[in-house]
Amino acid sequence: VQLQASGGGLVEAGGSLRLSCVASGRTLSDYVMGWFRQPPGKEREFVAVIWRSGGVAYYQDSVKGRFFISRDNAKNTVYLQMNSLKPEDTAVYYCGVNQYGGSYYNSPTGYSSWGQGTQVTVSS
């Protein structure tokens, strides 16, 4: 499966962005999907994950209540709605396909097919 992330940009603190991740080559509904981010000079870190049906989702503690992951399997797309953005949210954001049915959902090693990522920059 190939992934294309988009929707990033430059936003002021307190603003919002919605990221999209479109999949091609396979049916997205077959997979648990996650969003990760990689801040400058740091390791890639878990942000959010959503199960196949969309009924289960988990978040990194620092984004709970601000970020919301969703999916539209008919459009083969996963979204990340980001509200109340903070400068520490600045990173390249990646979507990934979980290879283990949801196991290791908060570790980059559980995922593949990252795609090119999309830059999110939050100014203070």
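The values are calculated or read from the model by the stated rules, or taken from the named source; none is laboratory data. Because the structure is predicted, anything quoted here is derived from the model rather than measured. Positions of Cβ are backbone-derived with ideal geometry, glycine not excepted, and every protein chain shown enters the neighbour counts. Just the protein is used for accessible areas: all its heavy atoms, side chains included, with ligands, DNA and RNA removed. Shrake-Rupley method; radii C 1.70, N 1.55, O 1.52, S 1.80 Å.
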Return only the number of the condition from (1) at positive phi; (2) at pLDDT 95 or above that VAL49 does not satisfy.
-> (1)
TYR58: aromatic (Phe, Trp, Tyr), modelled with pLDDT of 95 or more and open to solvent by 30 Å² or more (accessible area, probe 1.4 Å), yes or no?
-> yes
For the subset of the range 1-14 comprising residues that are part of a loop (DSSP other than H, G, I, E, B) and closer than 19 Å to TRP114 by Cβ, which member is farthest from the chain's Cα centre (by Cα)?
-> VAL1
Inside the range 15-106, counting only strands (runs of 3 or more DSSP E) that do not spill past its ends, which hold 1 or more residues that are touching a helix residue (DSSP H, G or I) at 6+ places or on another chain (Cβ under 8 Å) and among the basic types (Lys, Arg)?
-> 33-38, 67-72
Check on GLU88, charged (D, E, K, R) and touching a Lys or Arg at 6+ places or on another chain (Cβ under 7 Å) = no
Of the numbered conditions (1) assigned to a loop (DSSP other than H, G, I, E, B); (2) in contact (Cβ under 8 Å) with a residue 24 or more places away in the chain; (3) crowded, with 17+ Cβ neighbours inside 10 Å, GLN116 satisfies every one except a single condition; which is it?
-> (3)
Of all residues in the range 68-93, how many are more than 14 Å from VAL1 (Cα to Cα) and crowded, with 18+ Cβ neighbours inside 10 Å?
-> 11
Would you pick out the residues in the range 32-55 that are in contact (Cβ under 8 Å) with a residue 40 or more places away in the chain and open to solvent by less than 40 Å² (accessible area, probe 1.4 Å)?
-> VAL32, MET33, GLY34, TRP35, PHE36, ARG37, PRO39, PHE46, VAL47, VAL49
